[in-house]
Amino acid sequence: MSILLYLKSLIVKVINKLFGRTRIFIIILGWFLLLTGIWMLLRPEKAKVSLAGQGFGIVKGYLLMLTLFVGMFLVSLSSKMSGVLSLLILIAGILLLVRAYFLLKKKAAHKITAWIQKVPIKYLKIYATIQTLIGALILILHRRIWY
């Protein structure tokens, strides 16, 4: 029996050591989820714009990574060549990459905005309710989780 009590005590100590210092971040996360959930319940149209912006941020990050990857490929390709041809490939490639990045970014913003506008309000309210409940549960149970 004492081995089980010792293991339980050890597990609690390890969990508190790993996550005990993150308590303030859990409280901040709970308040953030609670307040944004209530805000989304009160103003679902503005929540659509916010969700579109969040989705666009993710897509923009992927586009930037793809652009950097292709740009590094162009630099490595031009470094293997010599003369004026390598310089022309590098300059033309970078100009086309920048143009393609901004064009794809604009198209992605339009598509995400159009997709979010099609989502019915009731689904946003369900999402906001779940988010509010999760935030409230985090705030209510944060002491029971860590102590």
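Each value in this text was obtained by applying a stated rule to the coordinates, not by laboratory testing. If you're wondering where the values come from, they're calculated on a predicted model, not measured in any experiment. Every residue, glycine among them, receives a Cβ derived from its backbone with ideal geometry; neighbour counts consider all protein chains shown.
What the table shows:
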item	result
Simple Cβ-charge dipole of the chain, Lys/Arg +1 and Asp/Glu -1, about Cα centre, in debye nearest 20	320
Sum of -39500 (n - 2.57) over DSSP H runs of 4+, divided by residues of the chain (222 nm, nearest 500)	-33000 deg cm²/dmol
Residue order, fewest to most beta carbons within 10 Å, for Met65, Met40	Met65, Met40
Over 30 Å between alpha carbons, listed pairs Lys80/Lys106; Lys13/Lys60; Lys48/Lys105	Lys80/Lys106; Lys13/Lys60
In degrees, nearest ten, helix 84-118 long axis to first principal axis of the chain (Cα)	40
Residue exposure sequence - Val84, Val98 - by fewest surrounding Cβ within 10 Å	Val84, Val98
Label-point gap, in nm, between Ile140 and Leu95 - each point 7 angstrom along Cα→Cβ	6.3
Residues Thr36 and Leu63, FRET efficiency given R0 of 30 Å [Cβ-Cβ distance, rounded to 0.05]	0.70
Computed lengthening from Val49 to Ala109, 0.36 nm per intervening residue step minus Cα-Cα distance	20.5 nm
Rounded to whole Hz, the Karplus (6.51, -1.76, 1.60) HN-Hα couplings of region 25-34, x for glycine and proline	5, 5, 5, 4, 4, x, 5, 4, 5, 5
Descending semi-axes in Å of the chain, equivalent ellipsoid built from Cα gyration tensor	47, 29, 10
Other-chain or far-sequence residues with amide H under 5 Å of Arg43's (modelled H)	none
